[in-house]
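Enquirer: The structure's right below; bear with me while I get my questions together.
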Amino acid sequence: METSCSKTRNPFTGAEANAVGVKVDGVSKTYAGTEVLSNISFDVLPGEIFVLMGPSGSGKSVLLRQIAGLELPTVGTVRVDGQDPSLEETRDRVRLALVFQAGALFNSLSVYDNLALYPREHRSGTEASIRERVMHALRILSVEDAVSKFPSELSGGMKKRVSIARALVMEPQLLLYDEPTSELDPVMSATISEIIATLKNEYSVTSIVVTHDRSLALTIANRVGILMDGKLITLGTPKELAATKDPALVDFLYPKIDIQNPRFKKLENQKTS
Amino acid sequence: MKQINAILEGVGSVVQLLFRSLSYTGSLPRQGARFIEQCYMIGYTTLPIVAILSFFIGTVLALEAGYAMQDFGAKEFIGSLVGLSMARELGPMMTAVLLAGRVGSAITAELASMKVYQEIDALTTMNIPAAKILVLPRLAAVLVMMPVLIVIANIVGWFGGSVVARYVSYVGISPQAYFAALRHYTKFKDVMNGMEKAEVFGFVVVLVCCDIGLNTRGGPREIGAAVTRGVVVSLILILVLDYFVTKILL
């Protein structure tokens, strides 16, 4: 599979940029003797939206941290555009952004300064052009009113949107999302889905999305990987997954409420009484 | 064995952080705002408590010295005792202790909280090294502010001693006699030695507290534990380093 660079345009300036591929090869991760990821291998093509799904505790976020270079695998390798993402030189060359589940905004900085930090530190543009980029990103996420607020003054959903805006300001080549639609209302979830799809369709940004949100996954993904108990149990297009007959996958993708379940009956009785 | 490993790991981590931070020294001129903010935090906010403490250290020294020396008729030497004690030992030592409690704890808490709430991870993915924007400005600020704090601590401490010397009945020497003795026996070199000590203490306190903050793992409870560890380790290091630095400077 080809995972090297492909020439695309930058999401904001329209200039040529490089979407990058990701190669995860035999990755296992062990914490204090407990294996949380087991021999995971897959490739993400440049410009692709790759969605990782799985129940809580299946290791999705841990895998995302290995891809972001925040942690090193116990066994195996992760390569972003052929380079180790944990190295400073790789991050110098490849613009990699991670949207954290809890936002991870800098609490001591205003929303504006949160977004302007990256371009200022990397000296990419004048203060006027940085302001333009910041305001543009905030407008896309409909949070321009929060520009002078501090993260502590924002709701959970707004923090998430500002966090995505901060990632957009970085003009990323690889964008990693950790539960991008959690804590968001359905309208904003749909907007986020649109943004992820737009970045892919128009600007070929490579995206890896970790989510519980089945409809988000099946709507935007080019391919979906499903993790269970630290193992990648399947990998395919949304169509292939929708047609699956594997009972474990069907249970996960289309969970049913078992009305014969005693716990469900107990709840029903409480509701009636 | 486990504890020795932990100590060696800690030392290694601090040394690594030091070299990483120093490798970004060239970026300091562009970090003027951060540097000034840290100077304010380390210098200005610590100043009142340093002044109060130094004043009372000066008074206690003069009281004790006056009480002990009255039998020998050597009260005119109180100024020299307070002057030398403040300049060479108590000024730098007590200022460093206050720095550990006031600034070191705040640094550890801030960086530990940034680590726990993934702000440090966010910086890493943005390729903005924490050593560059969080550690280096603090190290530079402490090097600039410690001498200022020491000068003020010494002056206020000496003044505190003179107040006691003048107004406490069994001491009862004039400010002129007190300051004449102080000037005669306290040399510029003594004040400089104290400043050098204070620079070492302040630098180590800030570096260690930054390292402990950045290496915090777990949840909010660990932030409190990290702060305690930062302050305790800083205090121990101040006392241990005091012996060795004094030995070198003598």
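The values are calculated or read from the model by the stated rules, or taken from the named source; none is laboratory data. Just so it is clear, the structure is predicted and the values come from calculations on it, not from any experiment. As a convention, Cβ positions derive from the backbone with ideal geometry for all residues, glycine included, and neighbour counts pool all protein chains shown. The accessibility values were calculated without ligands, DNA or RNA, using every heavy atom of the protein model including side chains. Shrake-Rupley method; radii C 1.70, N 1.55, O 1.52, S 1.80 Å.
Enquirer: Can you tell me which of (1) within 14 Å of chain B (Cβ to nearest Cβ); (2) more than 14 Å from A:ALA97 (Cα to Cα); (3) touching a helix residue (DSSP H, G or I) at 6+ places or on another chain (Cβ under 8 Å) is the one A:LEU184 doesn't meet?
Expert: (1)
Enquirer: Output the number of residues of the range B:66-100 satisfying the condition of being crowded, with 22+ Cβ neighbours inside 10 Å, over 25 Å from B:VAL142 (Cβ atoms) and either β-branched (Val, Ile, Thr) or without any contact (Cβ under 8 Å) to a residue 40 or more places away in the chain (or both).
Expert: Total meeting the criteria: 3.
Enquirer: Report, ordered by the first and then the second residue, all pairs with beta carbons closer than 7 Å, sequence separation of six or more or different chains, a first member in the range A:100-112 that is more than 8 Å from chain B (Cβ to nearest Cβ), and a second member that is open to solvent by less than 10 Å² (accessible area, probe 1.4 Å) and charged (D, E, K, R).
Expert: Once the first residue is more than 8 Å from chain B (Cβ to nearest Cβ) and sits in the range A:100-112, its partners that are open to solvent by less than 10 Å² (accessible area, probe 1.4 Å) and charged (D, E, K, R) give A:GLY103/A:LYS160.
Enquirer: Do the conditions hold for A:ALA104, that is, is it part of a loop (DSSP other than H, G, I, E, B), open to solvent by less than 10 Å² (accessible area, probe 1.4 Å) and at pLDDT 90 or above? Reasoning before the result, please.
Expert: On the way: part of a loop (DSSP other than H, G, I, E, B): yes; open to solvent by less than 10 Å² (accessible area, probe 1.4 Å): yes; at pLDDT 90 or above: yes.
Here the answer is yes, as A:ALA104 does meet what is asked.
Enquirer: Report, by residue number, each residue of the range A:179-201 that is open to solvent by 40 Å² or more (accessible area, probe 1.4 Å), touching a residue at least 24 places away in the same chain (Cβ under 8 Å) and in a helix (DSSP H, G or I).
Expert: Result: A:LYS200, single match.
Enquirer: Have a look at A:LEU176, A:LEU232 and point out the one that is within 14 Å of chain B (Cβ to nearest Cβ) and of a type outside the set (Gly, Ala, Ser).
Expert: On the way: A:LEU232 fails: within 14 Å of chain B (Cβ to nearest Cβ).
None of the others qualify; the one that does is A:LEU176.
Enquirer: Continuing with this model, one more query. Out of A:VAL224, A:VAL205, report the one residue that is of a type in the set (Val, Ile, Thr), farther than 28 Å from A:THR30 by Cα and open to solvent by less than 40 Å² (accessible area, probe 1.4 Å). Before you say what the answer is, go through the steps one by one.
Expert: Numbers: A:VAL224 fails: farther than 28 Å from A:THR30 by Cα.
After applying the criteria, what remains is A:VAL205.
Enquirer: Hey, among the residues in the range A:48-91 that are under 27 Å from A:LEU216 (Cβ atoms) and small (Gly, Ala, Ser), which one's nearest to the other protein chains (Cβ to nearest Cβ)?
Expert: Ranking the candidates gives A:ALA68 first.
Enquirer: Check the range A:123-142 and report whether any residue there is outside any helix (DSSP H, G or I), of a type outside the set (Gly, Ala, Ser) and in contact with a helix residue (DSSP H, G or I) (Cβ under 6 Å, 6 or more places away or on another chain).
Expert: yes
Enquirer: Let me ask you something else. Out of the range B:110-121, which residues are within 12 Å of chain A (Cβ to nearest Cβ) and more than 14 Å from B:THR45 (Cβ to Cβ)?
Expert: Taking the range B:110-121 as the starting set, the residues that turn out to be within 12 Å of chain A (Cβ to nearest Cβ) are B:110-111, B:113-121.
Correct list: B:LEU111, B:SER113, B:MET114, B:LYS115, B:VAL116, B:TYR117, B:GLN118, B:GLU119, B:ILE120, B:ASP121.
Enquirer: Let me ask something additional. Return the residue satisfying two criteria in turn: it lies in the range A:113-131 and is aliphatic (A, V, I, L, M) and surrounded by 15 or more Cβ atoms within 10 Å (Cβ to Cβ), and of such residues it is farthest from the other protein chains (Cβ to nearest Cβ). Can you show your working first?
Expert: Residues of the range A:113-131 aliphatic (A, V, I, L, M): A:115-117, A:128, A:130.
In the following step, the residues that additionally are surrounded by 15 or more Cβ atoms within 10 Å (Cβ to Cβ) were identified as A:115-117, A:130.
Values: A:LEU115: 11, A:ALA116: 12, A:LEU117: 7, A:ILE130: 14 Å.
Of everything passing the filter in the range A:113-131, A:ILE130 is farthest from the other protein chains (Cβ to nearest Cβ).
Enquirer: Follow-up. Take A:LEU176 and decide whether it is open to solvent by 10 Å² or more (accessible area, probe 1.4 Å) and not in a helix (DSSP H, G or I).
Expert: Working: open to solvent by 10 Å² or more (accessible area, probe 1.4 Å): no; not in a helix (DSSP H, G or I): yes.
So A:LEU176 does not fit the description; no.
Enquirer: If you check A:VAL94 against the conditions, is it more than 9 Å from every other protein chain (Cβ to nearest Cβ), modelled with pLDDT of 95 or more, more than 14 Å from A:LEU64 (Cβ to Cβ) and open to solvent by less than 10 Å² (accessible area, probe 1.4 Å)? Spell out how you get there, then give the answer.
Expert: Values: more than 9 Å from every other protein chain (Cβ to nearest Cβ): yes; modelled with pLDDT of 95 or more: no; more than 14 Å from A:LEU64 (Cβ to Cβ): yes; open to solvent by less than 10 Å² (accessible area, probe 1.4 Å): yes.
When the stated conditions are applied, A:VAL94 does not pass them.
Enquirer: Further question on the same structure: Taking the residues in the range A:38-64 that are among the charged types (D, E, K, R) and surrounded by fewer than 22 Cβ atoms within 10 Å (Cβ to Cβ) as candidates, determine which candidate is modelled with the highest pLDDT. Break it down stepwise before answering.
Expert: If we filter the range A:38-64 for residues that are among the charged types (D, E, K, R), which is where we start, we get A:43, A:48, A:60.
Subset that is surrounded by fewer than 22 Cβ atoms within 10 Å (Cβ to Cβ): A:43, A:48.
On the way: A:ASP43: 92, A:GLU48: 89.
Among them, the one singled out is A:ASP43.
Enquirer: Considering only the range A:208-221, state which residues are closer than 21 Å to A:ILE67 by Cα and either more than 13 Å from the chain's Cα centre (by Cα) or surrounded by fewer than 22 Cβ atoms within 10 Å (Cβ to Cβ) (or both).
Expert: Those that are closer than 21 Å to A:ILE67 by Cα and either more than 13 Å from the chain's Cα centre (by Cα) or surrounded by fewer than 22 Cβ atoms within 10 Å (Cβ to Cβ) (or both): A:HIS212, A:ASP213.
Enquirer: Please give the number of the condition A:ARG161 fails out of (1) modelled with pLDDT of 90 or more; (2) charged (D, E, K, R); (3) not in a loop (DSSP other than H, G, I, E, B).
Expert: Exception for A:ARG161: condition (1).
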